[in-house]
1. Would you point out which residue out of A2, A52, A22 is at pLDDT below 80, touching a Gly at 6+ places or on another chain (Cβ under 9 Å) and over 21 Å from V179 (Cβ atoms)?
2. Among the candidates G71, G67, which residue alone is touching a Pro at 6+ places or on another chain (Cβ under 7 Å) and free of Cβ contacts under 8 Å to residues at least 60 places away in the same chain?
3. Looking at A112, A145, A95, A121, which one is part of a helix (DSSP H, G or I), buried (at least 17 other Cβ atoms within 10 Å of the Cβ) and more than 13 Å from the chain's Cα centre (by Cα)?
4. Could you check, for the range 127-143, whether at least one of its residues is among the hydroxyl-bearing types (S, T, Y) and touching a helix residue (DSSP H, G or I) at 6+ places or on another chain (Cβ under 6 Å)?
5. Consider D84 carefully, then state whether it is at pLDDT 75 or above, within 22 Å of G123 (Cβ to Cβ) and not small (G, A, S).
Amino acid sequence: MAKSELRDTDKGWREMLRAAQALAGGAYVKVGILGDDERGGLHKTDPTTGKASPLTVAEIAVVNEFGTEDGHVPQRSFVRSTFDRMREELERDAAKLIVQVVLDRKMTVEAALSILGLKLATGIRSTIVDGSGVPPPNAPSTARAKARGTGKAREKAIAGARPLVDTGAMLAAISYGVVLGTVEKAHKFLTGRKG
């Protein structure tokens, strides 16, 4: 009588299972102005008083994103509007990246989420600096306050004063951070400088 033998040859199933479990543990990416760290901290310093604005860059971003309850500052969504515009593209990219993480095992979960985070963060910055700016336009008084120079140069500066584009503090504070389970990786800023 012939002797039977059972062999268990793993051709990658355990590795695929590990990659899928890494996703099931709560992996995601956060994008925007993520906190009151160095770049999300106090806004510019007033040269006459030497004091920083009482609002942080993160707080100013919230005011611009949602407006104020009294309507004095209108909603100028730059995060939600960008996500809404890019949503389908991000979903397509995420589907392709999941295949590379789980099935092909050519990429880590962190690398895949970093790609998505960088793409959305870049889109948010583009929304702000785009030639049309973020609607609605500044009030005339705000445009005048932002304008520098005199004569024709000042008139041109008033006409070109766009919402959210001022000191560049808002742009510099846009970052993304990958969260794997309960561990949040360091925020990554688009300028390459460490936060």
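1. Only one candidate passes the filter, namely A52.
2. After applying the criteria, what remains is G67.
3. Of the residues listed, the single one that is part of a helix (DSSP H, G or I), buried (at least 17 other Cβ atoms within 10 Å of the Cβ) and more than 13 Å from the chain's Cα centre (by Cα) is A112.
4. As a first pass, look at the range 127-143 and keep what is among the hydroxyl-bearing types (S, T, Y): 127, 132, 141-142.
If we keep only those that are touching a helix residue (DSSP H, G or I) at 6+ places or on another chain (Cβ under 6 Å) as well, we get 127.
Yes, because at least one residue in the range 127-143 is among the hydroxyl-bearing types (S, T, Y) and touching a helix residue (DSSP H, G or I) at 6+ places or on another chain (Cβ under 6 Å).
5. Yes.
The values are calculated or read from the model by the stated rules, or taken from the named source; none is laboratory data. Keep in mind the model is a prediction, meaning the values are calculated, not measured. Cβ atoms come from the backbone with ideal geometry, glycine included; neighbour counts cover every protein chain shown.
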